[in-house]
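Single-structure report; data block below.
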């Protein structure tokens, strides 16, 4: 049995810092305060591995859906974006599936959206909040009201069976449809019409399909329990050692399989944070902690061309993202894409990142090309700490050729007593580095500084990381700061 342990020292320091941040942000000990809400749970495995976008491939077309829009492409280079015909502004996208020549998008409304090319979409009535899968030449959906429906074309839907309980989702694996109920009952069908209800002796967690096997994970004290089945009826429960720390294991999300190796993202939660470990196994039973991947609000993993690509990001009172690549699921390399990765998919013999307004591709999971980008990040430039004569702020924000860089800044800072100005700087003293003293300036990597001020917009001709600074030659008596928002569009 292999140990499933994480390096605790770094995470312990991180947790202490986050705890101090929360105490300060909640007012310390000064009176009654309401703590911030906990982060939302990771996405359920019964839905596609999406949070910031979903991608489906079929008939030579790749379709991505996010928010209220759909993108379609034949080559991953040129994309067509259209607005989805949602009934109301409050309707949300739940899942996307391809089958029988049609892309089907489910919503929380009483309809699905259908398209044969990803560009022209039509609405078709069905039960709301449908969880959907495709297999054996038919779409199978489960509604929260306990009804299972089927369709061959995504237009006309037929009720197959009804149960007196909530249905939490459906998946297709090893030529078997499996639906879970809220009462831990499992419904299976080989033909989408005849359903058998079973009540397993153990609790069945959220399930994924890998290597023609239903696989789920749950915590039992300090043990990681792996629940698996080939037919959805006979279940095997194995246990492996998990860290004995007080943090609570939540689930293993986004399981992937390739080259004889299972790789999953194990989500752990404690205090107000969640983070993720990359774990791997060759036999489902024994798992190895391969990589401490950091904070996680959403994670995804994909396999293709002999490579695993794992992505994790966090956007709850701070922004964190990280991406990794591995050929064996054990040894992982941190990758530094031009723009942050939101999701990892493998389509049309290439890795695709789709979500948060950005699209990028990679042949090997390491070298990425930005196709489209539209994302923003915010920073604080301190007049003393980040003075150009002291230490520039390394934003980590990447710019790319032909990408439009937009920077907006507000606030007030002083380069001496009574010498306070906004981001545009002072007109009463000589220029420094060709820009006004006390103004916001920038540079790409270690290139030539350029003036920013309160507003800047430029189409970039190069790639690199953005550096920001308060323009001054002596920071000894500087005070104040600028709030800066940086946006890249392409």
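All of the numbers you see were taken from the coordinates with simple rules; none came from a lab. For clarity, every value in this text was computed on a predicted model and none was experimentally measured. Counting neighbours? That spans all protein chains shown, and the Cβs are built from the backbone with ideal geometry, glycine included.
Annotations for the structure displayed:
- Burial ordering of 333, 487, 369, fewest other beta-carbon atoms within 10 Å first: 333, 369, 487
- Sorted peptide list for 285-293, 475-483, criterion being average Cβ within 10 angstrom, highest first: 285-293, 475-483
- In terms of its C-alpha gyration tensor, the stretch 376-489 comes out prolate, because a/c is 1.5 or above and the ratio a/b outweighs b/c.
- Whole-angstrom gap from the stretch 343-369 to the stretch 105-172, using each part's C-alpha centre: 28
- Spatial separation of Cα centroids for the stretch 277-298 and the stretch 412-439, in angstrom: 51
- In terms of other Cβ atoms within 10 Å, 470, 379 run from fewest to most in the order 379, 470.
- Nitroxide proxy distance, nm - points 7 Å out along Cα→Cβ at residue 473 and residue 234: 8.3
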